């Protein structure tokens, strides 16, 4: 399994056709569920891509730990007897992190959640606030929105000093085409004051 998105795959093997259906809202949620259908039970390997940026990925088969080696940047292999109706649940924690543009500019960063770059709405008339010092603080300061109408997987910045920040962080793919946004931030030059 290479891509974590709603999908279906079929292939033929000696025991008949195998079908796997993947149900997920990844990357908005952390979990993908795979349901296997096969006319006859049989042993074969299923391989799941472990993203290089991931940490703490888990795989369960029918609710129990799959006991697979899960190492970022590799494939987790589950080689076992399968039967129709078996379910595999893959959970990839979607922690926020900074991603530098390149090695020459380590302080010019994007805010990333799992595989998705988050952008900040630039149409809000306010200062561009300083960002947290590290990934751990980033996961504390950015909290999921709870307003009706906000896009899925959107976040508001809530600094510990109680400062109000109106500009929303949301997945790049969810930003309307006509809206202006900020994708990269120079952490060593923030905050920017409007006047």
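A compact globular protein would have a Cα radius of gyration near 2.2 N^0.38 Å; the ratio found for the range 96-186 is 1.03. Here, P(r) means the percent of Cα pairs in each 5 Å bin from 0 to the largest distance; for the chain it is 1, 7, 13, 17, 15, 12, 10, 8, 7, 5, 3, 1, 1, 0, 0.
Residue 124 to residue 23: FRET efficiency via 1/(1 + (r/R0)^6), r the Cβ-Cβ distance, R0 41 Å, to the nearest 0.05?
0.70
Per residue, the chain reaches -1000 deg cm²/dmol at 222 nm when only DSSP H runs of four or more residues are counted, each adding -39500 (n - 2.57). Take the Cα of residue 74, step 7 Å toward its Cβ, do the same at residue 101, and the gap between the two points is 3.5 nm. Using the empirical formula 2.2 N^0.38 Å as the baseline, the Cα radius of gyration of the range 7-91 reaches a ratio of 1.08. In terms of the mean number of neighbouring beta-carbon atoms within 10 Å, the peptides 78-84, 108-114 order highest first as 108-114, 78-84. Per-residue extension of 0.36 nm, minus the Cα-Cα distance of residue 177 and residue 40, leaves a gain of 44.4 nm for this segment. For the range 105-120 versus the range 36-69, the spacing of their alpha-carbon centroids is 29 Å. The listed peptides 95-104, 118-127, ordered by packing as a protection proxy, come out as 118-127, 95-104 (highest mean of other Cβ atoms within 10 Å first).
Read-outs throughout are calculated quantities, based only on the coordinates presented, and are distinct from any laboratory measurement. Since we're looking at a predicted model, the values are computed, not measured. Cβ: placed from backbone, ideal geometry, glycine included. Neighbour counts: every protein chain shown.
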